[in-house]
Amino acid sequence: MKTAIIGSGFIGRAWAISFARAGHAVHLWDRDSEAGRRACGYIAGVLFDLQHNDLLNGQTPDIVLGRIAVADNLEDAVAEADHVQENTPEVLDTKIEIFKRLDAVVAPSAVVASSTSALLPSAFTESLKHRARCLVVHPINPPYLVPAAEVVPAPWTSAETVERTRAFLVSAGHAPLVMKRELDGFIMNRMQGALLEEAFRLVAEGYASVEDVDTGIREGLALRWSFMGPFETIDLNAPGGVRDYAERYQKIYERIFAQVQHRVDWAGAVMDRVEAERRARLPADALQDRQVWRDRRLMALAAHKKKAAEEFEE
């Protein structure tokens with residue numbers, strides 16, 4: 001299967017790894033003629049780390065990298081592509097422009113997906129002739145380590161397009177979240193946003209430090225959340241399951257809810273505190289090294305989850 005990656009920044013090059021690892025031919029195109037080649041250099045380094053953690057499905061880095069090619073122009077990139085993944089900046093006018101170009105040159109049978117995390121698909125596909133094959137496929141970065149990906153249809157996206165996209169993602173090792181209709185923030189950013197809103201409130205109002213909040217997630221909730229979601233968590237946290245949990249604990253959350261009906265400005269005074277505490281723990285010039293550390297920890301976690309899934313027959 002041929003795939004096309006439009007835009008080869010952080011997200012585009014990560015999708016390229018994911019698709020190529022799954023056995024698909026990948027053609028990269030970027031407005032910056034050198035960006036695709038830089039992406040290939042980055043990808044080569046990542047592939048060796050993935051092999052070290054047995055995350056290349058038994059393949060060598062050279063085999064996976066050999067499936068990735070850089071296209072000189074948009075038309076060559078999408079020629080005969082079955083799936084096109086767009087990764088341009090989160091600017092509505094940019095999305096409208098690139099989707100108009102794609103609509104004119106991509107085969108009508110191909111799926112055209114956007115990686116946008118903030119724009120609804122209806123906002124940039126409404127006027128397209130082939131709009132029924134357009135939708136959002138939004139990953140958590142990097143998608144070659146985090147399987148979840150949101151499939152978000154516009155009101156006019158066909159059911160066939162949604163199903164083809166879901167099946168393609170599953171075949172590439174992803175765990176698609178198929179939304180029934182579009183909504184600001186989709187699923188993952190709405191869930192993450194709820195947690196971040198409370199994190200900022202706790203710090204701004206003097207209840208906890210930044211590190212206390214991070215510790216609570218890192219050493220507490222995230223340990224369960226790394227292999228189960230919130231509904232399964234509460235289903236297993238009461239003797240009679242999810243209904244029993246709600247009957248026992250809903251009043252607690254009802255009381256809390258009344259206390260969180262306000263927000264603090266993330267860019268306001270609280271940011272000085274958050275940034276100061278984070279920079280005390282991690283200087284700005286160490287951010288890039290820490291990102292590499294994060295990805296390697298994710299690789300180790302992905303390898304562990306793969307082994308555990310086999311051992312416990314999930």
Taking segment 246-314, the equivalent ellipsoid from its C-alpha gyration tensor has semi-axes in Å, biggest first, of 32, 30, 7
Among the GluC sites (Glu not before Pro) in segment 160-248, which ones are in a DSSP loop with at most 12 other Cβ atoms within 10 Å of the Cβ? Mind listing them? Glu205
Take the Cα gyration tensor of segment 173-314, multiply each eigenvalue by 5, square-root it, and list the three semi-axes largest first, rounded to whole angstrom. 28, 25, 16
Net charge over other residues, Cβ less than 12 angstrom from the Cβ of Thr88 (K, R count +1; D, E count -1): -3
Any of Lys95/Lys306; Lys95/Lys129; Lys2/Lys95 with alpha carbons more than 26 Å apart? Name them for me. Lys95/Lys306
Relative to the compact-globule scaling 2.2 N^0.38 Å, provide the ratio for the alpha-carbon radius of gyration of segment 139-222. 1.42
Contour minus end-to-end for Ala167 and Ile217, with contour as 0.36 nm per residue of separation and end-to-end as the Cα-Cα distance? 14.8 nm
Semi-axes a, b, c in Å (a largest) for the chain, each sqrt of 5 times a Cα gyration tensor eigenvalue, come to 35, 24, 22
Consider a paramagnetic label point 7 Å from the Cα of Arg263 along Cα→Cβ; state which residues of segment 183-219 have an amide N under 18 Å from it. 183-205
So the FRET efficiency between Asn237 and Ala123, C-beta based with R0 = 35 Å and rounded to 0.05, is 0.35
Ranked Arg13, Arg37, Arg131, criterion: other C-beta atoms within 10 Å, fewest first: Arg37, Arg131, Arg13
Tail beyond 19 Å, pair distance distribution of segment 4-120 (Cα, percent): 44 percent
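Rule-based calculations on the coordinates, nothing more; no lab input. Everything quoted here is computed from the prediction, not taken from an experiment. So basically every Cβ, Gly included, is an ideal-geometry build from the backbone, and we count neighbours across all protein chains shown.
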